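Contents: one structure, followed by commentary.
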Amino acid sequence: MDPIVVSEYRPYLVAMSFILAFVGSLLALTVTRHIRRKDGTLRLQATLTAGVALGGIGVWSMHFVGMVALQLDVASSYGILESAVSLLAAVLCTAAALAVVSKDPKKPLRILSAGLLRGLGVATVHCLGMYGMKSGGYIKWDLGTVGVSILIAIAAGTAALWLAFNTRSVSSKVGASVLMAAAVCAMHYTGMGAAEFVCTTAN
């Protein structure tokens, strides 16, 4: 029987991953009021900027710092192609979610649709990142825990989007950013809790 790989986290990198998620979220939510013109049309540049801030910094960077925080008793690396595709998915899904909710943020269906899109975007980044992980073994997944991690990302992300677009105070933006960061980190680390690394090599 192949041995289970022992893993543990570096606490300072876990903290850094949360800070990245928070900063990316706060930058994105600062830009959100510029996504739509007064006539309701979409500003593509502002939408992509918010997507890069939230998806690129808040989600993608958080994910890979979280992965670096994980110490395994086996050598590992990451595929460039999978990492690049996951970055693109993070930016596009996040930008699309913000575009959807910004059209009419008071409509529950738009909030729910955007939260679902953003949650699935976070899950896609995580799954692609894990798929691109190269090590001397394989990963056994607890699918129930994976499902819980996706639900966390969708639920908390939906709540954060509502808070971000329906309140205007600085404290509400900070609160929404904390909630978004918590959603991304909770999804990532819960998803990682579903992974059992199994070594198939001698070293």
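The values are calculated or read from the model by the stated rules, or taken from the named source; none is laboratory data. Just so you know, these numbers come straight off a predicted model, no measurement behind them. For neighbour counting, all protein chains shown are included, and Cβ atoms are generated from backbone atoms with ideal geometry for every residue, glycine included. Note: accessible area is taken over every heavy atom of the protein model, side chains too, but ligands, DNA and RNA are not part of it. Shrake-Rupley method; radii C 1.70, N 1.55, O 1.52, S 1.80 Å.
Solvent-accessible surface of protein heavy atoms, probed at 1.4 angstrom with all chains present, puts 180, 16 in the order 16, 180, largest first.
Rolling a 1.4 angstrom probe over the protein heavy atoms with all chains in place gives the chain an accessible area of 49 Å² per residue.
Under a Cβ-only charge scheme (Lys and Arg +1, Asp and Glu -1), can you give me the dipole magnitude of the chain about the Cα centre, in debye to the nearest 20?
Charge dipole, the chain, about its Cα centre: 1280 debye, nearest 20.
Computed from point charges on the beta carbon alone (+1 for Lys and Arg, -1 for Asp and Glu), the dipole magnitude for the range 96-150 about its Cα centre is near 200 Debye. For the pair the range 28-56 / the range 154-203, the C-alpha centres are spaced 20 Å from each other. Projecting the Cα atoms of 9, 68, 42 onto the dipole axis of the range 7-136, where Lys and Arg carry +1 and Asp and Glu carry -1 at the beta carbon, places 42 farthest toward the positive end.
Just one of (1) 138; (2) 95; (3) 124 is volume of the Cα convex hull per residue in Å³ as worked out from the coordinates here. Which one is it? Step by step, volume of the Cα convex hull per residue in Å³ for this structure corresponds to label (2).
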